[in-house]
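Below is one structure, written out as structure tokens; comments come after it.
The values are calculated or read from the model by the stated rules, or taken from the named source; none is laboratory data. Please read these numbers as outputs of a predicted model, since none were measured by experiment. Cβ atoms come from the backbone with ideal geometry, glycine included; neighbour counts cover every protein chain shown.
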Amino acid sequence: MANFEFVLPPPPTRNATPSYGEQDLVRRSASSVPPPARKLTEVSKLIDVSKCIGCKACQAACLEWNDERIPVGENDGSYTIPPDLTPNMFTVMRFTEWVNPETQDLEWLIRKDGCMHCEDPGCLTACPSPGAIVQYSNGIVDFDHDKCIGCGYCVDGCPFNIPRISQVDHKAYKCTLCSDRVAVGQGPACAKACPTHAIVFGTKEEMKQHAEGRITDLKSRGFANAGLYDPPGVKGTHVMYVLPHADQPALYAGLPRDPKISPLVYVWKSAAKRYASLAAMAAVVVAMVVHQVAAGPNRNTDEDEEKARQLIEGRDK
Amino acid sequence: MSAERHTVSTLKRHPLDVRIAHWVAAVSFILLGLSGFALFFPGFFFITALFGGGETTRFLHPWIGLALVLSYLVLFVRFFSACLWKKEDTTWVLRAPDVLAGREENLPEFGKFIAGQKMYFWGMALLFVVLLVSGVIIWQAYFGSLTPIAVQRLAALTHSIFAVLAILGFIIHVHMVTWEPGTLRAMISGTVTGGWAWKHHRKWLREIVAGKN
């Protein structure tokens, strides 16, 4: 049954050895990594918005797997609970009620929000702490909390407004794509829990193919603009959406049409700016040394002291 | 002016509160520069060890920044009137070659501060205002959710650029101490010699003698 492929394997029961690790890093914040010896197959989560029923099993599974708890909240008139991502809640289903102007149908758009695992991650670009944010060759972008210093630069770097800083331990948190589960052959907990297989997980190629089938199906049912959300502005993402209205991603709780790392972040973090700063400082130091040697010291003479004495004593008389 | 306060060899230049504020500002500035370097240049991240690690560096930097702003506020109030721009200051700027060569005989007489010091005073005041505002915006622990992320990006960029400008000014400021021997003691014991004042700040010396200071 085509709609239920990519069923995740049963969990290993013993001696689960991670299949990838430090040696598979392709990017490391504020530092460099040697090119990895092998290239892992790129993975991706695919979230089919059209199949989501809004049950929040993904949120529950996320809390469960990551051993997080969130306080009981208050209903603010929306099904989106909690109303935003938090340092403990790495994924939130965002509910939008939208009247399609063409059909006059009320459409309930439910988008599971969370880290998109960008191929070009803005958080990693902005991070000043070496190794606090890493990217594996399978595409997963992960935070190393031992190295996180809590500055919040990742928040500024992210084009999707995903990382949240804990007020408890002052560290940044976001979806890990269950990197620990993926490393032992499992998919993300949310994909495991999703009852309609709106969330599936596999290689990026498999997910693109699966999305093709879903998009064809949606188009045959009147969603002419159905499409895949794999934004090229961040060189593609390892969490992709099938959107019934892919021409208007903003309908889905403000999903950006063309997300990319802000130019401000690029300039802020550019090597050119760092070198220019160092060069300017070095130039001023050199200029001051040259000035000291060529024109200094600008010492006052005994004659000056005598003139001052005359002036002061002249006044005292 | 009383003879006990001013003598030829010990002209009173900076009172104790000004000197304390100056050195609090100076130490704060250096600590801010070091911690800022660590967070700005990946290659200098190791400097965070000096502050007890990355997290404490991130924690301390804004508080040290407040110490700098508060101490500079004292300096601002105490130096404000002496740093107002005068006609001779424009002459100083126009005759920069004479200034750089130390040919003070070609320059008019100057008051307590010369134009370069005034520019440093006003320049740093401006830079610190921008650094304070942009720094508060990106002070994640307390103000992280107060402004839109686009504003925080701009603030982070601005903060880093203005910090570099402040460091450039600071380098020049420190250089002037080595260039004009006799200057440092104005900020340590608070006094200068009559000859130093005669050479560099003759109008100020005349004001002291006239009893205006």
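Kindly list the number of the only condition in (1) in contact (Cβ under 8 Å) with a residue 60 or more places away in the chain; (2) away from chain B (no Cβ under 14 Å) that fails for A:Ser262.
Failed condition: (2).
Is it true that B:Val133 is surrounded by fewer than 16 Cβ atoms within 10 Å (Cβ to Cβ), facing another protein chain (nearest Cβ under 9 Å) and modelled with pLDDT of 95 or more?
Considered against the rule, which asks whether it is surrounded by fewer than 16 Cβ atoms within 10 Å (Cβ to Cβ), facing another protein chain (nearest Cβ under 9 Å) and modelled with pLDDT of 95 or more, B:Val133 comes out as no.
Quick check: anything in region A:189-205 β-branched (Val, Ile, Thr), in contact with a His (Cβ under 8 Å, 6 or more places away or on another chain) and farther than 30 Å from B:Arg153 by Cα?
yes
List the helices (runs of 4 or more DSSP H) inside region A:218-317, counting only whole elements, that have at least 2 residues being of a type outside the set (Gly, Ala, Ser) and exposed (fewer than 13 other Cβ atoms within 10 Å of the Cβ).
On the way: elements: A:263-269, A:271-295, A:302-316.
Fully inside region A:218-317 and qualifying: A:271-295, A:302-316.
Considering each of A:Leu40, A:Leu8 in turn, give the residue that is under 15 Å from A:Val200 (Cβ atoms), assigned to a loop (DSSP other than H, G, I, E, B) and touching a residue at least 12 places away in the same chain (Cβ under 8 Å).
Only one candidate qualifies: A:Leu8.
Can you tell me which residue among A:Ala279, A:Ala272 is more than 8 Å from chain B (Cβ to nearest Cβ) and modelled with pLDDT of 95 or more?
None of the others qualify; the one that does is A:Ala279.
Could you go through region A:157-173 and let me know if any residue there is in contact (Cβ under 8 Å) with a residue 12 or more places away in the chain, touching a Pro at 6+ places or on another chain (Cβ under 6 Å) and closer than 21 Å to A:Leu40 by Cα.
Checked region A:157-173: no residue is in contact (Cβ under 8 Å) with a residue 12 or more places away in the chain, touching a Pro at 6+ places or on another chain (Cβ under 6 Å) and closer than 21 Å to A:Leu40 by Cα.
Does B:Glu55 satisfy the condition of being more than 16 Å from the chain's Cα centre (by Cα) and modelled with pLDDT under 95?
Details: more than 16 Å from the chain's Cα centre (by Cα): yes; modelled with pLDDT under 95: no.
No: the conditions fail for B:Glu55.
Here's the yes/no breakdown for (1) within 14 Å of chain B (Cβ to nearest Cβ); (2) free of Cβ contacts under 8 Å to residues at least 12 places away in the same chain; (3) part of a strand (DSSP E or B); (4) crowded, with 20+ Cβ neighbours inside 10 Å:
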| position | (1), (2), (3), (4) |
| --- | --- |
| A:Cys154 | yes, no, no, yes |
| A:Cys175 | no, no, no, yes |
| A:Val200 | no, no, yes, yes |
| A:Glu205 | no, no, no, no |
| A:His210 | no, no, no, yes |
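Check whether at least one residue in region B:138-149 is more than 9 Å from every other protein chain (Cβ to nearest Cβ), free of Cβ contacts under 8 Å to residues at least 12 places away in the same chain and under 30 Å from B:Ser9 (Cα atoms), and report yes or no.
Checking region B:138-149: not a single residue is more than 9 Å from every other protein chain (Cβ to nearest Cβ), free of Cβ contacts under 8 Å to residues at least 12 places away in the same chain and under 30 Å from B:Ser9 (Cα atoms).
If only one of B:Gly123, B:Gly36, B:Gly65 is modelled with pLDDT of 95 or more and within 11 Å of another protein chain (Cβ to nearest Cβ), which one is it?
B:Gly36
Return the residue satisfying two criteria in turn: it lies in region B:157-199 and is buried (at least 21 other Cβ atoms within 10 Å of the Cβ), more than 16 Å from the chain's Cα centre (by Cα) and more than 7 Å from every other protein chain (Cβ to nearest Cβ), and of such residues it is nearest to A:Ala295 (Cα to Cα).
Top of the filtered list is B:Val192.
Condition first: farther than 17 Å from A:Pro35 by Cβ, assigned to a loop (DSSP other than H, G, I, E, B) and away from chain B (no Cβ under 11 Å). Now tell me which residues in region A:125-141 satisfy that.
Residue satisfying the conditions is A:Ile140 alone.
Quick one: in region B:200-213, of everything that is aliphatic (A, V, I, L, M) and surrounded by 20 or more Cβ atoms within 10 Å (Cβ to Cβ), which residue is nearest to the other protein chains (Cβ to nearest Cβ)?
Filtering region B:200-213 down to residues aliphatic (A, V, I, L, M) leaves B:205, B:208-210.
Then keep just the ones that are surrounded by 20 or more Cβ atoms within 10 Å (Cβ to Cβ); that gives B:205, B:208-209.
On the way: B:Leu205: 6, B:Ile208: 8, B:Val209: 4 Å.
Per the stated criteria, the residue is B:Val209.
Exactly one of (1) under 28 Å from A:Tyr136 (Cβ atoms); (2) not assigned by TED's automatic domain parsing to the domain that holds A:Val43 is unmet by A:Val285. Its number?
Single failed check for A:Val285: (1).
Looking at A:Glu305 and the list (1) more than 21 Å from the chain's Cα centre (by Cα); (2) modelled with pLDDT of 95 or more, which single condition is not satisfied?
The one condition A:Glu305 does not meet is (2).
Specify which of the listed residues (A:Ala61, A:Ala57, A:Ala16, A:Ala30) is of a type in the set (A, V, I, L, M), within 14 Å of A:Arg111 (Cα to Cα) and surrounded by 12 or more Cβ atoms within 10 Å (Cβ to Cβ).
Exactly one of A:Ala61, A:Ala57, A:Ala16, A:Ala30 is of a type in the set (A, V, I, L, M), within 14 Å of A:Arg111 (Cα to Cα) and surrounded by 12 or more Cβ atoms within 10 Å (Cβ to Cβ), namely A:Ala57.
Taking the conditions exactly as written (in the same structural domain as A:Val200 (by TED's automatic domain parsing), part of a loop (DSSP other than H, G, I, E, B) and in contact with a helix residue (DSSP H, G or I) (Cβ under 8 Å, 6 or more places away or on another chain)), does A:Asn88 satisfy them or not?
yes
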